[in-house]
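Below: the structure, in structure tokens.
The values are calculated or read from the model by the stated rules, or taken from the named source; none is laboratory data. Worth saying up front: this structure is predicted, and the values here are computed from it rather than measured. As a convention, Cβ positions derive from the backbone with ideal geometry for all residues, glycine included, and neighbour counts pool all protein chains shown. Note: accessible area is taken over every heavy atom of the protein model, side chains too, but ligands, DNA and RNA are not part of it. Shrake-Rupley method; radii C 1.70, N 1.55, O 1.52, S 1.80 Å.
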Amino acid sequence: DAICNFVICNDSSLRSQPIIFNPDFFVEKLRHEKPEVFTELVVSNITRLIDLPGAELAQLMGEEDPKLPGANSTASGFFRSLMSLKRKEKGVVFGSPLTEEGIAQVSQLIEYLHKNLRAEGLFRVPGNSIRQQILKDALNSGTDIDLDSGEFHSNDVATLLKMFLGELPEPLLTHKHFHAHLKIADLTLFDEKGNKTSTPDKERQIEALQLLFLILPAPNRSLLKLLLDLLYQTAKKQDKNKMSAHNLALMFAPHILWPRNVTANDLQENITKLNNGVTFMIKHSQKLFKAPVYIRECARLHYLGSRAHTSKDDLDLLTSSGSKELQPLKSQKRSRLDSCHQEETQQRTEEALKELFLHVHNMPDSAKKKKLIRQFNKHPTALTPGSDVPTSPAPRRTRSRSFSGLIKRKVLGTPVILERKSRDSTPEPVRVSKENIQLLQKCGSPAHMSQAKLKSLEGQKEGSCRRMRARLLSKDSSSL
């Protein structure tokens, strides 16, 4: 059921590369072309897993402004105002809303850190502030940076990555999704009596996060995947860098999940849930960016409507330019699809005929029933109620078995081939062919015949045909 997305490249050096496989092709297509339908589909499945009251559901859908903790509190107002003033100084990358350009610049930091995951205390030990400012200015200006030159330390780059995430106007997981993440953290298993336990329900949590990530803005989802991949690889080397998944969650939860302009006092008991939620994301990051199977199936059916045309529609994705090597493969797949489609159509037709025959068979005896049964007996694929295997269609007869049918075909000019040896050896057709051969031998080749000879030859042929028709009519009348 997987859907393939073929990407054709004219560069001969890249043709040996494996074909890109995108099982979420129709999911992404539906998300971009019909976002309202896509959002309704995903949110309806989210509410099946977690309980979202009306206000929280409206916030998730973007119909209401999110109500966040600490919004009406004045205890830490001065601290929040100071954080807001710091974020007013926006640059091209830092402090600006997330864009593809910003992701392209920050991806340089992530790529560099993938090569330096063994540094002890990575993301916990701060870097040099002067080198960080130089690097920040370079990223904001869009200049090329050679991070492998040795001028910067891995701690400088790691601290700058956290700074970039912390200065975003909105957390990477967005304010709209904040309450949904709290509810996902509360998904636990039930005991035999139906009571909730303290054991997390990992399968439902993974499914809920998969759905929630599907409705993230595209830039947020792209950067989140890059970030969680980096943290997952970092945690795998915790024997060297001393940074487990939980330690990394403590470093990044305030930047990617906590609402902006809040303090730890505003969150209070929710801090543990949020930190555990980020820890879970890091540990299972390799599963969270795949759409659930039922979402893929719904998106595929939205465009195709049936299983029979799935692969055929995918083959249409192949572009005509640069695809000469794939033309034989394409034709073979199309022929297989056509044959499969014909077999499926024939099977459905036979099943429908069988049901119809059973219905006619159960009808009360009448002239109409007898007429319908006679029509079924004439049909080559008609099925009786007791038949288990569809009967193969009988071969079509090339001619009629009666003399009347033979005469009709002869009169209409249709060539008749007699199958029986006795009829093949009748003297009339042989005598006609011999006369024609003798006439041709006397007259010579058709190229040297005169007009009179041709007319006489045609007259003799017509006379022989009339004599043969008369003989056939007399035989037919005598047999009758």
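Structural remarks
- Top positive-direction residue, dipole computed over the range 91-169 with Cβ charges, set GLY121, VAL157, PHE94: GLY121
- Taking amide H atoms as placed 1.01 Å from N in the peptide plane, the amide H of THR188 lies under 5 Å from those of ASP201, each 5 or more residues away in sequence or on another chain.
- For the range 91-169, a crude dipole built from +1 on the beta carbon of Lys and Arg and -1 on the beta carbon of Asp and Glu, taken about the Cα centre, is about 360 debye to the nearest 20.
- Between ILE134 and LYS371, the modelled label-to-label distance comes to 9.9 nm, taking each label 7 Å out from Cα in the direction of the beta carbon.
- Order of exposure, largest accessible area first, which applies to HIS175, HIS246 with probe 1.4 Å: HIS246, HIS175
- Other-chain or far-sequence residues with amide H under 5 Å of ASN128's (modelled H): ASP156
- Residue ranking by accessible heavy-atom surface, 1.4 Å probe, largest first, among SER149, SER285 comes out as SER149, SER285.
- Net charge dipole, the range 97-223: roughly 480 debye, given to the nearest 20, about the Cα centre with Cβ charges of +1 for Lys and Arg and -1 for Asp and Glu.
- On the beta carbon distance between LYS237 and ASN362, with R0 = 60 Å, the FRET formula returns roughly 0.25.
- Per-residue SASA remark: GLU111, around 110 Å² accessible (1.4 Å probe; ligands, DNA and RNA not included).
- Across the range 164-180, computed HN-Hα scalar couplings (Karplus, 6.51 cos²θ - 1.76 cosθ + 1.60, θ = phi - 60°) run 4, 5, x, 8, 5, x, 9, x, 4, 8, 6, 5, 4, 8, 4, 5, 5 Hz from first to last residue, x flagging Gly and Pro.
- Solvent-free Debye scattering, log10 I(q)/I(0), computed from the Cα coordinates of the range 91-169 at q = 0.15, 0.22, 0.27 Å⁻¹: -0.46, -1.03, -1.51
- Nearest-10 value in Å² for the accessible area of LYS240, using the 1.4 Å probe: 100 Å²
- When THR263, THR143, THR39 are compared by accessible surface with a 1.4 Å probe, the order from highest to lowest is THR143, THR39, THR263.
- Packing order of peptides 214-223, 359-368, highest average first: 214-223, 359-368 (average count of other Cβ atoms within 10 Å over each peptide's residues).
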